[in-house]
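I'd like to ask you about the structure that follows.
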Amino acid sequence: MKTNTALRRIGILTSGGDAPGMNAVIRAVTRTAHHHGISVLGIKRGYNGLIHGDVVELDSQSVNGLITRGGTILYTARCPEFNTEEGLKKAADTVRYLGIDGLIVAGGDGTLRGGLDISRLGVNVVGIPCTIDNDVGCTHYTIGFDSACNTAVEAIDRLRDTMQSHERCSIVEVMGRSAGHLALYVAIACGASAVLVPELPFDFEKDIAEKIRKGRIRGRSHHLIIVAEGVAGISHLGEQIKDATGMDPRVTILGHIQRGGMPTARDRVTASRMGEVAVKALVDDKKNRVITMFKSEMQEIDIEEALAMKKDLQPSMLEAAYVLTQS
Ligand code: ADP
């Protein structure tokens, strides 16, 4: 039963950095909305589409087969105009003009903050955290993280074969401008010799050189160093390693391939559940929420409270990485 009987049309947009699973969110939102007799407008290119009224009707058929596809069929963009008072007002006017009774925004921290801003102009917003960085404070998990980890691990496993054969040291940069969650998971999953994250300072001698030397004494002939892209002071890391150990490191930047590809089962299921819960929140007449995941349970919390929450790297993961890179 619909509690909010006035809810006739939902809008959905994907914004900021794309993440595998965004399409699965679009599908879940569309299917759930139709189940409740609500129509869905897909808004193209994030908040840009809202400002310019660039929308497409999403019927049940238009989301067929979407669950397996990476990227986002609604496109995504960054929209500086939305951060101006005028742009924000235009976007809110478009919502009213199009008869959108509830707006679902899928993206990272910036996208959710955009959601909070437009909610202050009377638009009812539900946010769904989607980012490969897993750096949204209010949730243990963000859609896309597992897929990105698996993509990075697969690429690094290939690299390892060639590095092992040549007995080389490999420095691999993974995404994460201000958060090291991805780097930490990937380092543990790949059996790295060292990992550097933006949240923690590093000491070259103790955190890298010494580990490589100790590893060599124990018979390790190749070394993998995982570095998150936001780590400062690493422009000469290769030369430093060469000077300190005599090894000739190769640098690989995984870059945007980490964002692409089919979502994993975990991301498909999380996206499906979050999409369903987001529509249900609107149906239940909840106002301005973010869908979050604590342990494996879905919750929806007030968007303002959600965005005030902070998340650090898990101490147990740091401990595991510390212990396991001592070889
Ligand atoms: P992500 O959602 O992946 O974090 P961005 O930070 O680029 O990506 O944000 C996507 C869009 O959300 C921006 O282009 C802008 O329109 C909006 N946005 C970002 N940060 C804010 C903010 N602090 N307040 C309001 N809107 C924001």
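Among the numbered criteria (1) surrounded by fewer than 18 Cβ atoms within 10 Å (Cβ to Cβ); (2) more than 8 Å from the ligand (Cβ to nearest atom); (3) of a type outside the set (D, E, K, R), which one does residue 83 miss?
(2)
Something else about it: Please go through region 21-55 and pick out each residue that is touching a Phe, Trp or Tyr at 6+ places or on another chain (Cβ under 9 Å) and of a type outside the set (Gly, Ala, Ser).
44, 45, 47, 48, 50, 51
Next up: Which one is surrounded by the fewest Cβ atoms within 10 Å (Cβ to Cβ), of the residues in region 36-71 that are touching a residue at least 60 places away in the same chain (Cβ under 8 Å) and more than 16 Å from the ligand (Cβ to nearest atom)?
68
Sticking with this one: For residue 283, state whether it is buried (at least 16 other Cβ atoms within 10 Å of the Cβ), without any contact (Cβ under 8 Å) to a residue 60 or more places away in the chain and among the β-branched types (Val, Ile, Thr).
Spelling it out, it is not the case that residue 283 is buried (at least 16 other Cβ atoms within 10 Å of the Cβ), without any contact (Cβ under 8 Å) to a residue 60 or more places away in the chain and among the β-branched types (Val, Ile, Thr).
I'd like the full set of residues that are assigned to a loop (DSSP other than H, G, I, E, B) and near the ligand (Cβ under 8 Å from one of its atoms), limited to region 94-112.
108
Which condition breaks for residue 272 when tested against (1) buried (at least 19 other Cβ atoms within 10 Å of the Cβ); (2) closer than 19 Å to residue 114 by Cα?
(2)
List the strands (runs of 3 or more DSSP E) that sit entirely inside region 198-313 and contain at least 3 residues that are within 24 Å of residue 140 (Cβ to Cβ).
Once the strands (runs of 3 or more DSSP E) in region 198-313 are filtered for at least 3 residues that are within 24 Å of residue 140 (Cβ to Cβ), what remains is 289-294, 297-302.
If residue 25 passes every condition in (1) under 21 Å from the mean Cα position of the chain (by Cα); (2) part of a loop (DSSP other than H, G, I, E, B) but one, which one does it miss?
(2)
Follow-up question, since we're still on this one. Mind checking which residues of region 80-116 are charged (D, E, K, R) and in contact with a Lys or Arg (Cβ under 6 Å, 6 or more places away or on another chain)?
101
Return only the number of the condition from (1) farther than 30 Å from residue 123 by Cβ; (2) among the basic types (Lys, Arg); (3) in contact (Cβ under 8 Å) with a residue 40 or more places away in the chain that residue 273 does not satisfy.
Just one mismatch for residue 273, condition (1).
May I ask you to say which residue of 152, 91 is away from the ligand (no atom under 12 Å from the Cβ) and assigned to a helix (DSSP H, G or I)?
The conditions single out 152.
When only residues in region 122-148 that are part of a loop (DSSP other than H, G, I, E, B) and hydroxyl-bearing (Ser, Thr, Tyr) count, which is nearest to the ligand (Cβ to nearest atom)?
Here the answer is 131.
Looking at this structure, is residue 171 in a strand (DSSP E or B) and buried (at least 21 other Cβ atoms within 10 Å of the Cβ)?
Yes: the conditions hold for residue 171.
Quick grid of which residues meet (1) crowded, with 23+ Cβ neighbours inside 10 Å; (2) without any contact (Cβ under 8 Å) to a residue 12 or more places away in the chain; (3) charged (D, E, K, R):
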site	(1), (2), (3)
94	no, no, no
98	no, no, no
117	no, no, yes
120	no, yes, yes
131	yes, no, no
137	no, no, no
161	no, yes, yes
175	yes, no, no
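Do we find a residue being more than 9 Å from the ligand (Cβ to nearest atom), under 26 Å from the mean Cα position of the chain (by Cα) and under 18 Å from residue 305 (Cα atoms) anywhere in region 113-121?
Yes, there is a match, as at least one residue in region 113-121 is more than 9 Å from the ligand (Cβ to nearest atom), under 26 Å from the mean Cα position of the chain (by Cα) and under 18 Å from residue 305 (Cα atoms).
With respect to residue 253, is the statement that it is touching a residue at least 12 places away in the same chain (Cβ under 8 Å) and in contact with a Cys (Cβ under 7 Å, 6 or more places away or on another chain) true?
When the stated conditions are applied, residue 253 does not pass them.
Where a number appears in this text, it was derived from the coordinates with a stated rule and is not lab data. If you're wondering where the values come from, they're calculated on a predicted model, not measured in any experiment. Cβ sites come from the backbone with ideal geometry, for glycine too, and all protein chains shown count toward neighbours.
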